[in-house]
Amino acid sequence: MSNLDRYRTFGLREVWLEGFLEGLDVWLKDNTPGPEQLKAFKRYMKDAELLDDEGSPTALAREMSELYTKDRHAVWQIVWLKLFLNSPLFNFYCLEVPWKGIWTKEELVSLIKERGYAERTARNAVNALVNTFENSPLGEWFGRKLEKRKYLKESLSTLNSPALRYALDKLGEEAELFESVFRMNNQDFHYNMMRTKI
């Protein structure tokens, strides 16, 4: 894992993604959050492959912009897949935190520190992750907040059709990811990044 705290402490917020997808060519100029939040959001968008290296919306962003009005959950599921593939933080969470496991921020900080990261890096990363879960649909699916500052890593019961097609296409392009993303168990496939039966 490298650059684990690339988002500082800022999460990916639903209101930002929605605004961006509704106004692809103007939102970043006209409705930006604060300077540091904007840097974090752009990093999320690059990791989700919705912004290119020049900071312009990608073809995928335009496709997601059209899909968002019809099936916003499918868009968020595709964003989750992209973050799994491109973000060290989200990849770590998918692969290292047990499914159906209950965790606290302190436990997650300790888990990251065990990998050799400094305290500040670990806390920044965990704060970004928790902030994402608390401000987007991703928390409903993968990091639901419980009482007493605990969180539950849940799984999806189903993938929306556009997200499922996209996930399978992506895995077909990158066959070497198959073993790390899929797992066979009792004749069911499970996504490590979404843990949903298909």
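When segment 14-152 is described by a simple charge dipole with +1 on each Lys and Arg Cβ and -1 on each Asp and Glu Cβ, the residue from GLY55, LEU146, LEU89 located farthest towards its positive end is LEU146. Looking at segment 1-109, the GluC sites (Glu not before Pro) that sit in a DSSP loop and have at most 10 other Cβ atoms within 10 Å of their own Cβ are GLU54.
Positive contributions from Lys and Arg (+1) and negative ones from Asp and Glu (-1), summed over other residues with Cβ under 15 Å from the Cβ of GLU18, come out at -2. Volume per residue for segment 14-152 equals 118 cubic angstrom (convex hull of Cα atoms).
Put simply, the amide H of ARG144, placed in the peptide plane, has neighbours under 5 Å in LEU152, GLU154, leaving out anything fewer than 5 places away on its chain.
Values in this text are rule-based calculations from the coordinates and carry no lab data. On a predicted model such as this, the values are computed, not experimentally measured, just so you know. With ideal geometry, Cβ positions are generated from the backbone for all residues, glycine too; neighbour counts draw on all protein chains shown.
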